[in-house]
Structure formats: C-alpha cells, structure tokens
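The block underneath contains the structure these notes are about, expressed in structure tokens.
FYI, it's all coordinate maths here, none of it is from the lab. Note that the structure is predicted; figures quoted are calculated from it, not measured. Counting neighbours? That spans all protein chains shown, and the Cβs are built from the backbone with ideal geometry, glycine included.
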Amino acid sequence: MLKTPAITLKSRKWGEADRIVTFYTVRFGKLRGVARGARRMKSRFGSALEPFVHCDLNLFEKHNDPLYRITQADIRETFPRLREDLAAMSGAARMVNLVAAVTAEGDPAPRIFQTLLGGLRWLQDGGDPALTALLFQLKLLGQTGFRPQTDHCAACGATFPDLRRDGVARFLPASGGLVCATCASRHSDRCLSLSPGSLAFIQQALRMTASVANRLKATGRVRAELEAAVESYVTIVAGKRLPPVDFLAAERREPAYGVGTFS
Ligand SMILES: [Zn+2]
C-alpha cells in the first residue's frame, strides 16, 4: 500500500461505476488511477476525486499495469471558490491542464506539486484569476525545463547588444525566448513584441518564489503582451492549444468595450 498527497488534475468515467483519475502527487509525480465504484451514490470517495481537490491518496500498483488502484482518498482542501466562480474555475483549469500537458507520469517533482498547490490557494484566497494563471504558467515553465530564454538569442545563441532595439524585445515562441534583431527579421511574422515592462515582469516572476511573485501586478499593455506571449509559448510547449483562460469572463467584458473604452 502506497500513500501520497495528491491534487486531482482530471477525471473521466470508466465502465459502469468507476472513474479513471489523473493526479499530480508528491511521491510519484503525475499518475493515473482507477477508483472503483467512485460514481455510485454512496461512494467511499465522496467528493475527494473532483477537480482541484487536494487529498491524501492510498493506492497500490498492479504488476504490468500503468493504472494504479485507488483505495482511499481523504480530503485536505477543496477550494470551493474554484467551483463557484467561473473566472477562478477557468484559471484553475488552465493550471491543472498545463501540469497535465507538460509533466510525465512517474517523474516526481515536489516543487511542481507545491507550485500548483500554491496557485490554487492563491485563487481560493481571491487572487485575480487571469494574473494568477499567468504567473503560475511562467513559474511552471521555469520548473519543467521550458524557462523562457531571456539572456541570449533563443534562436542563434548570440548575446544581446541589440536586444532592446527601439526599446522593444522580440519573443519567438517557437524558439522559447527572446531573439536578436537578425533572427527576429527572419521570423517577423511569428515574433511577439515585449516592452521593457513586460520583460522585467517575466524576469522577476521567474526569479521570485511563488508567494512573492504573486505580489507582481500587470495592467494595460504589459498585461496584454504577457498574456499573448505566454499563450503562444504554452501552446508550443504543450503541443496543443489548451482551453483559454478566463474565456467566460472575457465574453462578459466584451459588450462594454465599444461603450466606454476610448483610446
Ligand atoms: Zn539570433
């Protein structure tokens, strides 16, 4: 019998009454397990297998089977705001989707677990969902070997005398970082501009611990640039477009755009 703290990433129906659940765990990294009878009315799992729940898992491994058998899940934290507030829910969904997309099964990294737990707690405590998701994504990319390259050209390796030509850096998602003016001109249709404020934000977010980074704020142009850059880079890293962050909140905001916003 194995035990580990875990966070539910996703779950799907399996057979008559079971669920296959994907977790990120402290001891085993990402894992998938079968929870027998989880869909019965009086399941012993209760709501412990719902998305975003932080629980203690009891499970065992079957020989020659990649699926663990989950025997018990005891809730530690449920994060109710992530079920009640659509924007918070979409921010949390982006976090677990990214963890699911960029981690391998059976490759434990307790730091990733702590980053995810910290992000969910920050959302639960009222953090701005889109900004929290943005910071989380930068942090997670840094912890999974996809740290955006900001020290030298991500395409040719040149050091950066001309990085801030016109005061704007050029980010090439396909190369995973900033590129020099020469490489940028070669890929101009795929480069995104980052103003000095956006670049400073990224560098600080990557350097700071998660709890301190949550104090960073981004608005207006910086926010828009960061969201575009992280979105394109995450799509490259994950190998697919993840469901958008805050899409419901974005729909609600749209009608106001033509009425009160002039610039
Ligand atoms: Zn270059």
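Assorted remarks:
- Cβ crowding within 10 Å ranks GLU50, GLU225 as GLU50, GLU225, fewest other Cβ atoms first.
- Think of it as helices only: each DSSP H run of n ≥ 4 in the chain is worth -39500 (n - 2.57), and spread over all residues that comes to -12500 deg cm²/dmol at 222 nm.
- Max mean-square fluctuation residue, GNM over the chain, Cα-Cα springs under 10 Å, options GLY33, GLY91, GLY220: GLY220
- When the chain is treated as a Gaussian network with alpha carbon springs shorter than 10 Å, the biggest mean-square fluctuation among LEU140, LEU117, LEU216 belongs to LEU216.
- Label-zone membership for the stretch 2-25, site PHE60, 7 angstrom Cα→C-beta point, backbone N under 12 Å: 2
- From least to most packed, judged by other beta carbons within 10 angstrom and beginning with the fewest, LYS13, LYS139 follow the order LYS13, LYS139.
- When each of LYS3/LYS240; LYS30/LYS139; LYS3/LYS139; LYS42/LYS62 is checked by Cα-Cα distance, pairs over 22 Å: LYS3/LYS240; LYS3/LYS139; LYS42/LYS62
- Proportion of all alpha-carbon pairs of the chain beyond 32 Å (%): 30
- Rounded to the nearest 20, the Cβ-based charge dipole of the stretch 81-248 about its Cα centre (Lys and Arg +1, Asp and Glu -1) stands at 180 debye.
- Which of VAL168, VAL212, VAL230, VAL237 has the fewest Cβ neighbours within 10 Å, and the rest in rising order: VAL212, VAL168, VAL237, VAL230
- Take the Cβ atoms of ARG190 and THR71, set R0 to 51 Å, and the FRET efficiency comes out at 0.55.
- Counted as membrane-span-like here are DSSP H helices of the chain whose alpha-carbon atoms extend 15 Å or more along the helix's own axis and whose Kyte-Doolittle mean is 0.0 or above; these are 86-102, 110-124, 129-143, 196-207, 220-238.
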